[in-house]
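Read the structure below first, then the notes.
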Amino acid sequence: TPLYSSAASDVYKRQQYDCHRNEDFIREYARSVVAGKISNELSLLQRFKNDHPGTDLKCEMDSLRASVDKASAVAGVTELLGIEGSAAAVYFGAFPKMICADLKFEGRRRRPPTDPVNALLSFGYTLLFNEIGSLLDGLGFDPYLGLFHKPDYGRPSLAADLLEEFRAPVIDRFTLRTVNLLVFKAADFQLHAPSGGLHLVPEAMKRYFAAYEEYLSGSFRDAETGEQTTFRRCYRRQAERLAACVKSAGTYRPFSWSR
């Protein structure tokens with residue numbers, strides 16, 4: 001249900017615009033987004049390491065820890081973007097060590113995704129992005145006015161902001177899980193001629209949606225509250241947390257997936 005009436009939503013959106021123009025707010029918010037994203041990437045590597053103690057991820061984990069510290073201390077958004085990009089290269093560099101199946105992964109390739117694992121990642125990010133965008137719209141935000149990601153024509157940039165902290169725990173972990181459980185094989189992917197990228201065939205797409213919904217409906221212990229929750233509940237909690245942050249021009253606390 002919407003948090004705001006139409007009139008209250010207009011007032012709230014003006015507060016969002018004010019935050020967008022507030023350089024101090026943007027800097028602190030961006031720090032939280034990037035540090036939260038990298039922390040959750042580190043948690044994914046730690047979880048895999050705990051389950052597969054023979055996999056050497058120490059170098060990558062040490063690098064991500066250093067990136068979290070850097071992100072919490074830098075002065076500007078431009079530097080944060082550099083830290084985020086360097087951390088992503090390290091993080092996805094560790095992916096081949098975590099793939100226990102005969103599916104290719106040639107480093108993160110977005111447009112187009114050129115191998116099966118990239119195809120699964122890109123498809124999953126699209127689903128998550130759309131769901132978060134709809135949630136933000138329903139809560140009274142202007143979803144196109146990003147606070148960390150700059151507004152881009154036709155893109156709900158605020159959804160891209162909130163997406164970051166959920167990439168690793170939701171889509172990346174789900175992708176590794178389905179790949180390593182052999183839910184998909186090479187024959188489940190076909191070349192999409194207009195884009196030149198790989199896509200799931202229709203029959204495999206049905207399996208994807210079934211597995212995805214099962215994953216999202218599964219409960220886990222919240223690192224903050226100690227209570228059982230689901231990722232979809234966490235999406236809403238973080239959206240409401242962002243709403244309170246924008247309303248007060250305060251500090252945003254990202255979703256923590258520590259184990």
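The values are calculated or read from the model by the stated rules, or taken from the named source; none is laboratory data. Just so you know, these numbers come straight off a predicted model, no measurement behind them. With ideal geometry, Cβ positions are generated from the backbone for all residues, glycine too; neighbour counts draw on all protein chains shown. Only protein heavy atoms, including side chains, enter the accessible area calculation; ligands, DNA and RNA are left aside. Shrake-Rupley method; radii C 1.70, N 1.55, O 1.52, S 1.80 Å.
For the reader, a short list of remarks on this structure follows.
- Å² of accessible area per residue within the chain, as computed with a 1.4 Å probe and no ligands counted: 49
- Label-point gap, in nm, between Gln15 and Glu214 - each point 7 angstrom along Cα→Cβ: 4.2
- Between the C-alpha center of the stretch 222-259 and that of the stretch 57-74 there is a gap of 22 Å.
- Label separation (Ala186 vs Glu224): 4.4 nm, computed from points 7 Å beyond Cα along the C-beta direction.
- MRE, 222 nm, helices only [DSSP H, n ≥ 4, -39500 (n - 2.57), over the chain, to nearest 500]: -19000 deg cm²/dmol
- Net charge dipole size for the chain [Lys, Arg +1 and Asp, Glu -1 on Cβ; Debye, nearest 20]: 160
- Against the main long axis of the alpha-carbon atoms of the chain, helix 77-93 sits at an angle near 20°.
- Computed Kirkwood radius, in angstrom, where 1/r is averaged over Cα pairs of the stretch 175-259: 15.9
- Cα-projected label distance for Asp102 with Thr55, points at 7 Å along beta-carbon direction, nm: 2.0
- Cross-link reach list, lysines versus Lys150, counting only Cα pairs under 18 Å and skipping chain neighbours closer than eight places: Lys13, Lys37
- Considering only Lys37, Lys150, Lys206, the Gaussian network model of the chain with Cα springs below 10 Å gives its largest mean-square fluctuation to Lys206.
- Length available on full extension from Ala66 to Ala249: 0.36 nm per residue minus the Cα-Cα distance, which gives 63.1 nm.
- Of Ala160, Ala187, Ala101, the one that fluctuates the most in a GNM where the chain has Cα springs shorter than 10 Å: Ala187
- The accessible surface of the chain, taken with every protein chain in place and a 1.4 Å probe, is 53 percent carbon and sulfur.
- Cα gyration tensor, the stretch 100-193 - rounded (a/c under 1.5), prolate or oblate: prolate
- Global form of the stretch 115-259, assessed from the alpha-carbon gyration tensor, a/c cut-off 1.5: oblate
- Over all Cα atoms in the stretch 26-111, the spread is summed up by Rg and Dmax: 13.8, 43 Å.
- Shape of the stretch 66-152, Cα gyration tensor, a/c cut at 1.5: oblate
- On the principal axes of its alpha-carbon atoms, the chain has extents of 53, 39, 39 Å, going from largest to smallest.
- Reducing the stretch 172-216 and the stretch 112-126 to their Cα centroids gives an inter-centroid distance of 8 Å.
- A compact globular protein would have a Cα radius of gyration near 2.2 N^0.38 Å; the ratio found for the stretch 82-132 is 1.20.
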